[in-house]
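Novice: What follows is a structure written as structure tokens; I'll ask about it next.
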């Protein structure tokens, strides 16, 4: 019995040390404010459809295909590209799996409402080799290198309100959620400054990228992305300016009359375009 007890203690000790070593090895990764984008996530997208019927599912496949092609390549200018129509009509051929999540799960049906009329999150995974082949036919290639984490500094000006989107607090919670959703849609990771950084709007407009990087770096940020969104009553949308510095060159792009969801998608997407080597987002298609 004594021998068995000692053997058990030795085994427990070995397992404990192995587990501790594994946790220590993982610590630098988990400690960052943003994790690397998993390869599988790049070939997966989600959209909202009504019901689970095939006609709407096929439409959903097409929408997800566009998102995945943009996400994998880092080229946001594929959005609305007419060349995609032929591939979207065959999107089912590129799908490896899909599933639904009922947005009203757990809620009772109303009147004659059935599963046909309920909104579902449709998550679609695509075959990576088939997607890579489509990109090749479009003159693009997968962006396989490590994707830098964006440290986003976005100013929002709506009438008298003028503030910076922060990682905490309630003033910019909607914008924060929209920015994170935009990053997921474009296959990027972002970090935001805390309110404790005490960055004023005036400081942001004049602060050099090196100082912004010093603020973002402790949270995992590697490249600063600076944006300014100003509400325009005439356009009923946001006038937006973005800029990023990469390999010694400054890139700037702007647009107007969009929701802040779309503004963030174009901001993060433009950054992805630069970082992936797909050109200048400030230039027309």
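Novice: Kindly establish whether residue 146 is surrounded by fewer than 14 Cβ atoms within 10 Å (Cβ to Cβ) and under 20 Å from the mean Cα position of the chain (by Cα).
Specialist: Answer is yes for this residue.
Novice: Here is a follow-up. What helices (runs of 4 or more DSSP H), lying completely within region 120-236, carry at least 2 residues that are in contact with a helix residue (DSSP H, G or I) (Cβ under 7 Å, 6 or more places away or on another chain)?
Specialist: Because the criterion is at least 2 residues that are in contact with a helix residue (DSSP H, G or I) (Cβ under 7 Å, 6 or more places away or on another chain), the helices (runs of 4 or more DSSP H) in region 120-236 that meet it are 128-137, 173-185.
Novice: Still on this structure, please answer the following. Kindly check whether there is at least one residue in region 260-282 that is part of a strand (DSSP E or B), under 20 Å from the mean Cα position of the chain (by Cα), in the same structural domain as residue 213 (by the TED database) and free of Cβ contacts under 8 Å to residues at least 40 places away in the same chain.
Specialist: no
Novice: What do you reckon, is residue 205 surrounded by fewer than 18 Cβ atoms within 10 Å (Cβ to Cβ) and in contact (Cβ under 8 Å) with a residue 40 or more places away in the chain?
Specialist: So residue 205 passes the test.
Novice: Quick one: is residue 173 in the same structural domain as residue 216 (by the TED database), at pLDDT below 95, surrounded by fewer than 21 Cβ atoms within 10 Å (Cβ to Cβ) and within 19 Å of the chain's Cα centre (by Cα)?
Specialist: Yes: the conditions hold for residue 173.
Novice: Okay, next question. List the helices (runs of 4 or more DSSP H) that sit entirely inside region 33-105 and contain at least 2 residues that are within 20 Å of the chain's Cα centre (by Cα) and modelled with pLDDT of 95 or more.
Specialist: Once the helices (runs of 4 or more DSSP H) in region 33-105 are filtered for at least 2 residues that are within 20 Å of the chain's Cα centre (by Cα) and modelled with pLDDT of 95 or more, what remains is 54-73.
The values are calculated or read from the model by the stated rules, or taken from the named source; none is laboratory data. Computed from a predicted model, the values in this text were never measured in an experiment. Reconstructed Cβ throughout: ideal geometry from the backbone, glycine too, with neighbour counts over all protein chains shown.
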